[in-house]
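The values are calculated or read from the model by the stated rules, or taken from the named source; none is laboratory data. Small disclaimer: the values here were computed from a predicted structure and weren't measured. With ideal geometry, Cβ positions are generated from the backbone for all residues, glycine too; neighbour counts draw on all protein chains shown.
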């Protein structure tokens, strides 16, 4: 058992899992294209069913007209803090296998694995990568030209760490890394338990 960032484990795991959380305090500074591509390179090494790699990322760097399009997709709450992101990215996944055209049941799951790789790489680089569902999925599909055989999964705010005091007061408490459910509540041997 160990404790990092006021988070405690039940077993000995690597610190990177405890360091990863989803802060909203962003500095407003730019990030370089090289830094962003490093995150995407980590994402591409995720495992996937049949090695299909169904994930795709559409991104916009701060200070570009494309960033404004991405920003316009956000719900108002997320706009209050995403205005300081260095980049915004939308994750999509291909719903069918390229080789056979058959449906892929795990395309979203596989895209989630790629997102986690990106998030952990961000921790290693001392960057913020905050995933969110608080945006207009339909408008994202339309405005970003997402083909029908792809599913819009999530948006990611990426940037440099900012100061908690610069956030709106009502969201500052959420900057503290939160805990997780105990293993006994999420792991079951043999079958799912009855109430």
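A few remarks follow.
- Qualifying residues in the range 119-135 (those that are part of a helix (DSSP H, G or I) and in contact with a strand residue (DSSP E or B) (Cβ under 6 Å, 6 or more places away or on another chain)) - the one farthest from residue 35 (Cα to Cα): 119
- Test: residue in the range 102-114 that is surrounded by 14 or more Cβ atoms within 10 Å (Cβ to Cβ) and in a strand (DSSP E or B): no
- Residue 84 falls short on exactly one of the conditions (1) in a helix (DSSP H, G or I); (2) modelled with pLDDT of 95 or more; (3) more than 15 Å from the chain's Cα centre (by Cα); (4) closer than 30 Å to residue 179 by Cβ, and that condition is (1).
- When 57, 71 are checked against the criterion of being free of Cβ contacts under 8 Å to residues at least 24 places away in the same chain, outside any loop (DSSP other than H, G, I, E, B), at negative phi and under 17 Å from the mean Cα position of the chain (by Cα), 71 stands alone in meeting it.
- For the range 167-195, the set of residues classified as touching a residue at least 12 places away in the same chain (Cβ under 8 Å), under 22 Å from residue 9 (Cβ atoms) and either touching a helix residue (DSSP H, G or I) at 6+ places or on another chain (Cβ under 6 Å) or surrounded by fewer than 10 Cβ atoms within 10 Å (Cβ to Cβ) (or both) consists of 175, 179, 182, listed by residue number.
- Once the range 136-146 is narrowed to residues that are in contact with a helix residue (DSSP H, G or I) (Cβ under 8 Å, 6 or more places away or on another chain) and assigned to a helix (DSSP H, G or I), the residue that is surrounded by the fewest Cβ atoms within 10 Å (Cβ to Cβ) is 139.
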